[in-house]
Amino acid sequence: KATVFQRCKIRTENVEQYSYDDIANVIKSDQYQQACIDCNAICDISPESTNQLQQNFKVETFKVFLPSIFKSNDVDTHSGVIQIDIDVMPQNEQQLLRSRLKDHPNVLMMFRSIRNGLRIFILTSLTDTKVDLKVHRLAYYQVLNHLEISDLQDNCGAKIKQPCFFSHDVDCYYNNDCTPFEVDHGQIQEEIELTKVLSDITHDDDADND
């Protein structure tokens, strides 16, 4: 089964590169306003089939971008941006979170997603570093702790090549003067080394049981 990223890559041949100025302008415009309405109007006999029909519509209709990847001369580096993807969120809770994070020094952008979730984009000190799946994942959880966000149903933002669909939100928040959150690389290295030690212990135990 193809992932969303693979389907989008197949459909567009190559996920396009956008500046965050471009993204914010599109989100605030009416370019995808009707498409968002049409997507949320799709329903079927069961929640599962409705979700699949809406997902298919999104893939066929909306452009995507990769928030954490910057491509230059066919070389991928980290953009420094980490996205937090909060699915279907009650409007009152969404408004409270948006109000709390507005003007936060590390928040680059926030907007309502197609199906009434919330996308939050945090600038970090990972800008121009090599693409490292483990470092990105652990930095993502540092960001969640920093923003005091917990109990997410989906931590897809921990995946460095997790795509994001364009959407429509006239209240899209965008701050190109935000400052980067300083990722604690020492803590990340400790966690990576601890994971390796625990993995080695597990392998040793498995070998002893053979």
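Derivation of every value follows stated rules applied to the coordinates shown; laboratory data play no part. Note that the structure is a prediction, hence the values are computed from the model and not measured. No Cβ is skipped: glycine too gets one built from the backbone with ideal geometry, and neighbour counts run over all protein chains shown.
If you count Lys pairs in the chain whose Cα atoms are under 20 Å apart, skipping same-chain pairs closer than 8 places in sequence, the total is 27.
Listed highest first by mean packing, meaning other Cβ atoms within 10 Å per residue, what order do 25-33, 103-111 come in?
Values: 25-33: 15.6, 103-111: 19.7.
Highest mean packing first, the order is 103-111, 25-33.
For the charge dipole of the chain, defined by +1 on Lys and Arg C-beta atoms and -1 on Asp and Glu C-beta atoms about the Cα centroid, which residue among 96, 165, 127 has the Cα displaced farthest towards the positive pole? Among 96, 165, 127, the one farthest towards the positive end of the dipole of the chain is 165.
I'd like the trypsin sites (Lys or Arg not before Pro) in the stretch 41-77 restricted to DSSP loop residues with at most 13 other Cβ atoms within 10 Å, sorted by number. Let's see the in-between values first.
Values: sites: 58, 63, 71; in loops: 63.
Answer by residue number: there is no such site.
Where in the chain is the longest stretch that carries no GluC sites (Glu not before Pro) classed as loop by DSSP and with at most 13 other Cβ atoms within 10 Å?
17-147
Considering only alpha-carbon pairs that sit under 8 angstrom and 6 or more positions apart, the relative contact order computed for the chain is 27 percent.
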